[in-house]
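Coordinate-derived values only; no laboratory data. On a predicted model such as this, the values are computed, not experimentally measured, just so you know. Ideal geometry is used to build each Cβ from the backbone, glycine not excepted, and the neighbour counts take in all protein chains shown.
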Amino acid sequence: MTAVIEEQGDITDDDIKSCKIVARGTSRVFKIKRAGERKHNFTALHNINLKVKAGEFISIVGPSGCGKSTFLDIMAGLSLPTSGEIYIDGRKITGPDLNRGIVLQGYALFPWRTVRKNIEYGLEVKKVPRHERRTASDKYIELVELTGFEDRYPHELSGGMKQRVAIARALAFDPEVLLMDEPFAAVDAQTRETLQDELLRIWEKTSKTIIFITHSIEEAVFLADRVVVMSMNPGAIRCLVNVNLPRPRRIRDVRNSSDFNWITGKVWNLLHGEDSGGAENDAGRAGAVSGS
């Protein structure tokens with residue numbers, strides 16, 4: 001097995017044209033003021049360079065306050081960078097767009113809408129005809145395995161079922177990119193593992209490009225093709241770790257494998273600043289660790 005540690009590199013115009021998502025020199029600075037003090041700058045993100053291929057699953061881990069959610073907000077178009085830019089399919093992000101679906105930790109379902117009506121919301125915004133909305137909602141209700149719950153309201157669902165509705169709603173209007181901010185943090189451990197398996201099953205069927213924020217190193221490694229490890233003060237990409245575990249993956253098969261445990265340990269060390277990523281440290285275990 002080989003685990004490759006990547007460093008940030010320069011972003012070229014060709015990268016912007018060829019990659020699904022490209023962040024180039026993206027920074028975000030906030031003006032903050034504490035009692036009795038003048039306003040001063042707080043740098044939440046500094047010089048983020050990232051290239052994401054179409055259909056790639058990227059996990060982002062980092063300490064609280066390192067700018068993970070700020071970065072996702074900029075990708076979603078909910079916030080603008082202070083400097084730099086982010087592109088999707090060569091087009092600069094300047095605001096929200098239906099080419100991006102968002103799934104948050106808190107479900108954000110409309111309590112007055114049924115499962116079907118929640119899933120169809122984005123299609124209504126796009127003014128899709130009713131019969132087409134019905135066909136699409138049927139498809140995604142089946143995909144997230146909620147057949148029979150179409151007419152239930154959110155208060156009648158478990159936490160895991162609510163999150164499945166949120167995922168189906170994000171997918172139903174066929175976005176090119178799915179942005180997920182700690183979507184499984186609010187559910188119990190057993191449900192979380194089930195949702196992880198379900199998300200990979202859905203991703204394998206849809207081939208969406210996914211950016212997934214999590215505080216769980218194990219979750220990040222299990223799901224992703226690459227793990228972005230962030231540092232803070234200011235928030236920056238420390239490195240990227242290629243996860244070369246075979247697919248398809250299921251948590252019961254991967255959890256106890258030595259390769260999985262080795263990669264999670266590697267990411268933990270990088271996250272805590274205890275690993276330089278040098279090849280000499282890992283040649284005996286993983287075959288190769290190299291910079292780029």
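Taking the criterion of being basic (Lys, Arg) and out of contact with any helix residue (DSSP H, G or I) (no Cβ under 8 Å at 6 or more places or on another chain), the only residue of the stretch 193-222 that qualifies is ARG201.
Residues checked against (1) under 20 Å from VAL187 (Cβ atoms); (2) part of a helix (DSSP H, G or I); (3) out of contact with any Gly (no Cβ under 6 Å at 6 or more places or on another chain):
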site	(1), (2), (3)
ASN118	yes, yes, yes
GLU124	no, yes, yes
HIS131	no, yes, yes
ALA136	no, yes, yes
LYS139	no, yes, yes
GLU142	no, yes, yes
THR147	no, no, yes
ARG152	yes, no, yes
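Scanning the stretch 145-171 for residues being more than 13 Å from LEU109 (Cβ to Cβ) and aliphatic (A, V, I, L, M) gives a total of 1. Of everything in the stretch 178-191 that is touching a strand residue (DSSP E or B) at 6+ places or on another chain (Cβ under 8 Å) and either in a strand (DSSP E or B) or at negative phi (or both), the residue that is surrounded by the fewest Cβ atoms within 10 Å (Cβ to Cβ) is ASP181. Return a yes/no flag: does the stretch 104-124 have any residue that is buried (at least 20 other Cβ atoms within 10 Å of the Cβ), touching a strand residue (DSSP E or B) at 6+ places or on another chain (Cβ under 7 Å) and in contact (Cβ under 8 Å) with a residue 40 or more places away in the chain. Checked the stretch 104-124: no residue is buried (at least 20 other Cβ atoms within 10 Å of the Cβ), touching a strand residue (DSSP E or B) at 6+ places or on another chain (Cβ under 7 Å) and in contact (Cβ under 8 Å) with a residue 40 or more places away in the chain.
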